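I have placed the structure first, in the form of structure tokens, so that the comments after it can refer back to it.
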Amino acid sequence: MKKKKIVFFDTWVSALRQIDFYAKLMYEQYNIIFLSIDKFHNKYISKELRVNNQNSYLSRKHNNKYYSKITDIANYNNSMAFFFEKEKPDLAISISLHNLDHRWFNISCQNYNVPIYFIMHGIKGDTVFAKANGKKISFLKFKRLLFYNILYYFYYNDTKKYSNLNRNNYKEWKEMIFNHDKFKFNPRYSYNVKYQKAFVTTDSDIEFYLKSYNTLQSCKFLVAGTMDLIELSEEFEKYRNISQDQVTFIGQPMDDFITTDNYLKTITDIFDYFRKKGVKMVFRPHPREHKDTIVFLNNHGVYISDKKIVNDLVRSFCIIGYNSTLLLTSLYMQCPVISFKLKGVPHPKFLINNDQSFVYSDINDFKLFFEWSLVNFKRDNSKVRIINPVKLLKEEIEKEFYG
């Protein structure tokens with residue numbers, strides 16, 4: 001029997017870090033293609049981001065065997081229509097939905113009658129919704145302005161050929177340019193975006209997407225947990241017996257909500273507090289963490305982790321952060337979480353409605369909890385059971401193809 005063909009799509013080639021987990025489980029049964037707009041996108045980002053993107057790809061290059069093809073829209077004359085006509089995929093999967101290129105991919109799937117799923121990564125919910133509605137105008141910088149205008153030309157050039165589209169190109173373009181956060185996270189003109197199934201992180205994410213995208217009412221939502229659970233479910237057995245001897249602070253650039261100085265002060269104050277207590281605190285940088293932040297913290301004596309996620313999480317008897325996905329992953333591992341609520345920014349519901357999660361507005365308020373957790377809490381790693389989101393996706397794909 002001829003293998004069915006599945007295409008995964010995202011902006012960056014670095015998305016392969018996450019998609020590898022899915023491809024590994026499915027490549028023997030299906031032909032897996034990865035498509036991105038990376039070549040075009042790289043022309044309009046900083047050198048640092050470009051290098052990080054390339055290093056991310058190279059670090060996992062041994063996993064290319066899972067794919068029948070890793071390709072770029074530039075190889076199809078910057079045309080989704082050309083890609084779909086040539087490759088003829090049986091199913092499409094996008095790991096984002098908010099950017100113009102994801103909208104372009106989605107509408108193309110509909111035009112060619114290809115079912116499309118959405119796999120969420122990260123956390124959305126009320127925090128992102130607040131960002132989308134917090135400013136009346138959010139201008140793009142010149143390079144991004146150029147990027148989006150050229151990308152819109154590619155998008156328009158394809159989609160003008162498609163039938164049965166509701167369209168108001170000028171208003172859509174205007175929102176993208178002059179109110180970009182709203183365009184991404186609460187668009188007024190998302191009328192063409194439709195998905196058959198969406199795999200989201202939490203129940204509150206379903207609320208967010210239904211509120212933000214009025215065309216997703218017919219989408220089937222499935223709560224799959226975080227992508228980090230994929231790696232944890234595969235690797236946890238190796239680390240099950242490791243002792244819990246550290247606290248881990250999960251880094252997360254919060255440029256839209258607090259200053260860099262306040263971000264650094266929070267981390268260093270907590271580090272100094274733990275150092276006086278004789279407790280090891282590890283800082284785990286976000287993939288988009290600013291290089292200057294890492295240099296500053298390193299100079300302050302903070303230990304910067306370069307270990308696997310699973311290594312840090314199983315060693316920790318407490319996880320600290322703002323609203324990172326890793327905080328949710330920690331809760332899945334029955335590890336207490338301390339998170340800081342920022343003034344004027346709604347806090348994710350999964351961090352509020354959980355008896356292992358403790359939310360504070362001031363770093364001085366968390367000390368009493370820490371004292372309690374040091375005495376009263378000890379996670380039993382032998383009892384932790386971790387779900388694997390990949391298996392849920394695989395089951396849904398089999399239903400799609402074979403009923």
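The values are calculated or read from the model by the stated rules, or taken from the named source; none is laboratory data. Bear in mind the structure is a predicted one, so any value in this text is a computation, not a measurement. Glycine gets a Cβ as well: all are built from the backbone with ideal geometry, and neighbour counts include every protein chain shown.
Can you confirm whether VAL314 is assigned to a helix (DSSP H, G or I) and either among the aromatic types (Phe, Trp, Tyr) or under 19 Å from GLY122 (Cβ atoms) (or both)? No, not satisfied.
Within region 82-94, residues that are in contact (Cβ under 8 Å) with a residue 12 or more places away in the chain sit with their Cβ atoms under 6 Å from residues that are assigned to a loop (DSSP other than H, G, I, E, B) and hydroxyl-bearing (Ser, Thr, Tyr), at 6+ positions apart or across chains, in these pairs: PHE84/TYR112.
Residues that are within 18 Å of the chain's Cα centre (by Cα) and outside any helix (DSSP H, G or I) were ranked within region 12-59; the one that is farthest from LEU392 (Cα to Cα) is ILE37.
Within region 232-245, identify whether any single residue is part of a strand (DSSP E or B) and either surrounded by fewer than 17 Cβ atoms within 10 Å (Cβ to Cβ) or not basic (Lys, Arg) (or both), and answer yes or no.
At the first step, the residues of region 232-245 found to be part of a strand (DSSP E or B) are none.
The answer is no, given that none of the residues of region 232-245 is part of a strand (DSSP E or B) and either surrounded by fewer than 17 Cβ atoms within 10 Å (Cβ to Cβ) or not basic (Lys, Arg) (or both).
Residues of region 60-72 that are assigned to a helix (DSSP H, G or I) and either hydroxyl-bearing (Ser, Thr, Tyr) or without any contact (Cβ under 8 Å) to a residue 40 or more places away in the chain (or both): LYS61, HIS62, ASN64, LYS65, TYR66. Within region 241-293, the set of residues being over 20 Å from THR329 (Cβ atoms), under 20 Å from the mean Cα position of the chain (by Cα) and among the acidic types (Asp, Glu) comprises ASP255, ASP256. For region 94-114, the condition holds for no residue, the condition being that it is assigned by TED's automatic domain parsing to the domain that holds TYR152, of a type outside the set (A, V, I, L, M, F, W, C), out of contact with any His (no Cβ under 9 Å at 6 or more places or on another chain) and farther than 23 Å from TYR213 by Cβ.
Inspection of region 172-179 identifies at least one residue that is assigned to a strand (DSSP E or B) and surrounded by 18 or more Cβ atoms within 10 Å (Cβ to Cβ). Take ASP269 and tell me if it is farther than 21 Å from ASP362 by Cα and touching a residue at least 24 places away in the same chain (Cβ under 8 Å). When the stated conditions are applied, ASP269 does not pass them.
All told, THR215 meets the bar of being over 30 Å from GLY278 (Cβ atoms), in contact with a Phe, Trp or Tyr (Cβ under 7 Å, 6 or more places away or on another chain), part of a loop (DSSP other than H, G, I, E, B) and hydroxyl-bearing (Ser, Thr, Tyr). Considering ASP255, ASP261, the condition of being free of Cβ contacts under 8 Å to residues at least 12 places away in the same chain and part of a loop (DSSP other than H, G, I, E, B) is satisfied by ASP255 alone.
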